[in-house]
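Read the structure below first, then the notes.
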Protein chains: 2
Amino acid sequence: MNKLVNVAIAGATGAVGETLLAILAEREFPIGELHLLASERSAGEKIEYGARQIVVQNIADFDPSGIDIALFAAGGSVSRKYAAKFAAAGAVVIDNSSEFRRDEDVPLVVAEVNPGALRDRPRGIIANPNCSTMQLMVALAPIHRRAGIERINIATYQSVSGTGREAMDELGKQTADMLSFREIEPKIYPVQIAFNVIPHGGDFMENGYTSEEMKLVWETHRILGDDTIGVNATVVRVPVFYGHSEAVHIETRDKLTVAETRELLRAQPGLEVIDEHIDGGYPTPVTHASGKDPVYVGRIREVSHPRGLSLWVVADNIRKGAALNAVQLAELVVAERQ
Amino acid sequence: MNKLVNVAIAGATGAVGETLLAILAEREFPIGELHLLASERSAGEKIEYGARQIVVQNIADFDPSGIDIALFAAGGSVSRKYAAKFAAAGAVVIDNSSEFRRDEDVPLVVAEVNPGALRDRPRGIIANPNCSTMQLMVALAPIHRRAGIERINIATYQSVSGTGREAMDELGKQTADMLSFREIEPKIYPVQIAFNVIPHGGDFMENGYTSEEMKLVWETHRILGDDTIGVNATVVRVPVFYGHSEAVHIETRDKLTVAETRELLRAQPGLEVIDEHIDGGYPTPVTHASGKDPVYVGRIREVSHPRGLSLWVVADNIRKGAALNAVQLAELVVAERQ
């Protein structure tokens, strides 16, 4: 690989694609060629990247030869259709969809948690974890390393940007309609999201869980490398634009005090502890996470279980939950070749 | 007591007071005299009740003689100051504040769960539980009776009406300001509530929990009559006007299957099971709870724990969570005297 890296982004016009571009620029990623790809519908749009103006190309017609790193953020069906083609042409594919996350030949990597795993990628594809798992892993990995996590009970408060740009439009429009006493018509979500909460993410599975809940189970097992951890998740969509929050109750093998936990978490790269017992002394999507890189953790408490802890974990689901981690993985790939 | 009951309502002009009046009328409570009381600030306001127009009186000047039932919904300080005076004058006080909820001489009663407890009220006061405990108890009591609950991990999604009318105004105004790109100024909540979630209810305690979280612990122990239950709560305020939701993970002494649990819950008065694995096949504040009497439960799942269950519980916090239960307790008091 040259000093400069040829990059392709699939899904460049979406919410994650847009943030991928912003983060590549912010972090001064050593881009050589930059190809922005999307479906036929968006092909022809122009997007600025620094001084460059780039015309979006139809991914179906694109020849991936010469691409070093392909960042896929266009959903599972696009990844299913094109990722292998890019990998076969020599690119390292970093995929943001759930398509390959359970494939044993595709490493599932959180940059600060299990970066070593990305070196073993027989298919040339690296999977970016689901946004809610991502932030959970940054907060829990140091605890698991030190004290062994045996059980995780998690309830999420997921923002609509996790669903995509149309969902953000839906929240904005429904809210304005509500305030104007107009009728609401749910389209993206099955029921009204404005001034409501919806305990439903993804599709319902045989066991009554939703696919977004099961991702938290499967991905936690893979990333922490321990499938004995009991994970119970309830995934809930809330009327927030950016930033997922999580109420997390865990049980560890060895006892950890709040003070020990705080110290452990303070030492974890990518994690910021905001934990004062005062008004606003805890992270929220609006006050801390939205538009920011770190995962934030607060409300650290001991619970009734003799080896139990409660935590409140918040992060920008589009940044650390998706685009930022993908770029961090790209940086790790670049670093290993130099 | 005559066939007709003389009723006083303290806090008649607040969000709960208004709903108390609506529910008394809906349920055709056998009201004789009806006295509406509030602080000096609201005294003189006129409120309609059926064909009657009633002038709100200053509670400080009111003589409680002849009152049979006094419904207090004006906050802890008013209850602290006046409840004993009403009880001494012969009224049964049903108090919606947290003032007496931990007083061993004041029963804490959910009408469908532990109605027998209200007969033993040496102080003449009955406490109405906190809204989030209320709905949790209706859903968990039948499970506890059958299988013994050992642990409860709960994360709440509490609407702003639980804080009061000013909080509802704040959510409305902040939301409109956000949509108009105006500056937000939090007043009732410590940080912005519009398009945000806030992991903070009540005051911070020594142990890092908030008072709203500890109420879930203390009140659950009292109502279920079992202080060995481990309760771990995270209380979160969400931008919803009416209706509290709860993601609940429990562990029982005896194994219960999802089918057994559903059957148990279907037989519980005051509870409605909405649990289909389809779009909208679960309760939400807007689609089910707001303005309705029952507690709704759905998303019933077995979890990784060998005797674990997950539930999603939603109810109108102003109705079942406050006013409805208070009126149900008043009905029980009337029934015992006849």
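So that you can scan it fast, the table gives a plain yes or no per residue for (1) under 30 Å from residue A:15 (Cα atoms); (2) within 14 Å of chain B (Cβ to nearest Cβ); (3) open to solvent by 30 Å² or more (accessible area, probe 1.4 Å):
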| position | (1), (2), (3) |
| --- | --- |
| A:237 | yes, yes, no |
| A:242 | yes, yes, yes |
| A:277 | no, yes, yes |
| A:309 | no, yes, no |
| A:318 | yes, no, no |
| A:324 | yes, no, no |
Next on the checklist: Being of a type in the set (Phe, Trp, Tyr) and not in a strand (DSSP E or B) is the filter here; which residues of the range A:137-191 pass it?
Outcome noted: A:181, A:189
Checklist entry - Which residue, of A:195, A:204, is within 11 Å of chain B (Cβ to nearest Cβ), free of Cβ contacts under 8 Å to residues at least 60 places away in the same chain, open to solvent by less than 20 Å² (accessible area, probe 1.4 Å) and out of contact with any Cys (no Cβ under 9 Å at 6 or more places or on another chain)? => result A:195
Item to check | the range B:212-235, residues that are of a type in the set (A, V, I, L, M), open to solvent by 10 Å² or more (accessible area, probe 1.4 Å) and under 21 Å from residue A:280 (Cα atoms) | outcome: B:214
Checklist outcome for this item: Checking A:67, A:47 in turn, the sole residue that is farther than 18 Å from residue A:326 by Cα, modelled with pLDDT of 95 or more and either buried (at least 21 other Cβ atoms within 10 Å of the Cβ) or under 26 Å from the mean Cα position of the chain (by Cα) (or both) turns out to be A:47
Next on the checklist: Here's a check for you: in the range A:326-338, which residue that is of a type in the set (Gly, Ala, Ser) and surrounded by 19 or more Cβ atoms within 10 Å (Cβ to Cβ) is nearest to residue A:109 (Cα to Cα)?
Outcome noted: A:326
Next on the checklist: Going by what's in this entry, would residue B:9 be described as in a strand (DSSP E or B), open to solvent by less than 50 Å² (accessible area, probe 1.4 Å) and either in contact with a helix residue (DSSP H, G or I) (Cβ under 9 Å, 6 or more places away or on another chain) or among the acidic types (Asp, Glu) (or both)?
Outcome noted: yes
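Considering B:293, B:254, which residue is assigned to a loop (DSSP other than H, G, I, E, B), farther than 30 Å from residue B:168 by Cβ and open to solvent by 20 Å² or more (accessible area, probe 1.4 Å)?
B:254 is the lone residue from the list that is assigned to a loop (DSSP other than H, G, I, E, B), farther than 30 Å from residue B:168 by Cβ and open to solvent by 20 Å² or more (accessible area, probe 1.4 Å).
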Checklist entry - residue B:247: within 9 Å of chain A (Cβ to nearest Cβ) and assigned to a strand (DSSP E or B), yes or no? => result yes
Checklist outcome for this item: In the range B:12-31, anything open to solvent by less than 20 Å² (accessible area, probe 1.4 Å) and assigned to a loop (DSSP other than H, G, I, E, B) is listed as B:12, B:29
Checklist entry - Does residue A:41 satisfy the condition of being open to solvent by 10 Å² or more (accessible area, probe 1.4 Å), assigned to a loop (DSSP other than H, G, I, E, B) and among the basic types (Lys, Arg)? => result yes
Item to check | Members of the range B:93-136 that are within 16 Å of residue B:213 (Cα to Cα) and either hydrophobic (A, V, I, L, M, F, W, C) or part of a strand (DSSP E or B) (or both) | outcome: B:131, B:134, B:136
Next on the checklist: assigned to a loop (DSSP other than H, G, I, E, B) and away from chain A (no Cβ under 11 Å): is that true of residue B:215 in this structure?
Outcome noted: no
Checklist entry - Looking at (1) crowded, with 17+ Cβ neighbours inside 10 Å; (2) under 27 Å from residue A:69 (Cα atoms), can you tell me which one residue A:269 breaks? => result (1)
Checklist entry - Is at least one residue of the range A:266-273 within 10 Å of another protein chain (Cβ to nearest Cβ) and modelled with pLDDT of 95 or more? => result no
Item to check | Residue under evaluation residue B:139, criteria (1) in contact with a strand residue (DSSP E or B) (Cβ under 9 Å, 6 or more places away or on another chain); (2) more than 26 Å from residue B:254 (Cβ to Cβ), criterion not met | outcome: (2)
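The values are calculated or read from the model by the stated rules, or taken from the named source; none is laboratory data. The structure presented is a predicted model; accordingly, all values stated were derived computationally and were not measured. Cβ coordinates were reconstructed from backbone atoms using ideal geometry, including for glycine residues, and neighbour counts include every protein chain displayed. With ligands, DNA and RNA removed, areas are computed over all heavy atoms of the protein, side chains included. Shrake-Rupley method; radii C 1.70, N 1.55, O 1.52, S 1.80 Å.
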